[in-house]
């Protein structure tokens, strides 16, 4: 009888441990979901992105309300990296654009931008920017969207021409031109409204 009680108590203790672990895992997942939902809400508020799929992709990539400003400069970073490395002139051009946009007042975005200029961001960041930019571009009034498009294209061309061609005379290399073309196709000029 005593042996049976011992086995029963041991079995009950193991079962209790198992369910305690399951409960802890469920609580952890609930906390993570709550935190993710909070980051999504903050990002949506900061960006105006209404497409939950786009916002989710941004959050999964580590983009949040604190560093979204760096995301808006992604095209400049990819233009700078187009030739395989970032020259000091290209870096200066990207950082100058960031300062003009007020990114320096956002330390997390500024730091992320600096990291992207030191180590090439993953290629999927480019796809993520295109997804984000296209979504925002179509929700803005046409006049605003076109002004932002034009400003971005001008800044991207400045970065492309920063290092120049022969003897530093402004020339855009084919790889940089491909990135510029992708920016234009992602953000077409709008004639509506």
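Things to note:
- For residue 74, the conditions (1) within 24 Å of residue 147 (Cα to Cα); (2) more than 10 Å from the chain's Cα centre (by Cα) are fulfilled apart from (2).
- Region 1-13 - residue that is surrounded by fewer than 10 Cβ atoms within 10 Å (Cβ to Cβ) and assigned to a helix (DSSP H, G or I) and, of those, modelled with the highest pLDDT: 5
- Output for region 119-133, where each listed residue is touching a residue at least 12 places away in the same chain (Cβ under 8 Å) and exposed (fewer than 13 other Cβ atoms within 10 Å of the Cβ): 124
- Members of region 39-49 that are surrounded by 11 or more Cβ atoms within 10 Å (Cβ to Cβ) and either touching a strand residue (DSSP E or B) at 6+ places or on another chain (Cβ under 8 Å) or free of Cβ contacts under 8 Å to residues at least 40 places away in the same chain (or both): 39, 40, 41, 42, 43, 44, 46
- Per the listing 53, 21, 36, 28, the residue uniquely free of Cβ contacts under 8 Å to residues at least 40 places away in the same chain and surrounded by 13 or more Cβ atoms within 10 Å (Cβ to Cβ) is 36.
The values are calculated or read from the model by the stated rules, or taken from the named source; none is laboratory data. The model shown is predicted, which means the values in this text are computed figures rather than measured ones. Neighbour counts are summed over all protein chains in view; Cβ atoms, including those assigned to glycine, are modelled from backbone coordinates with ideal geometry.
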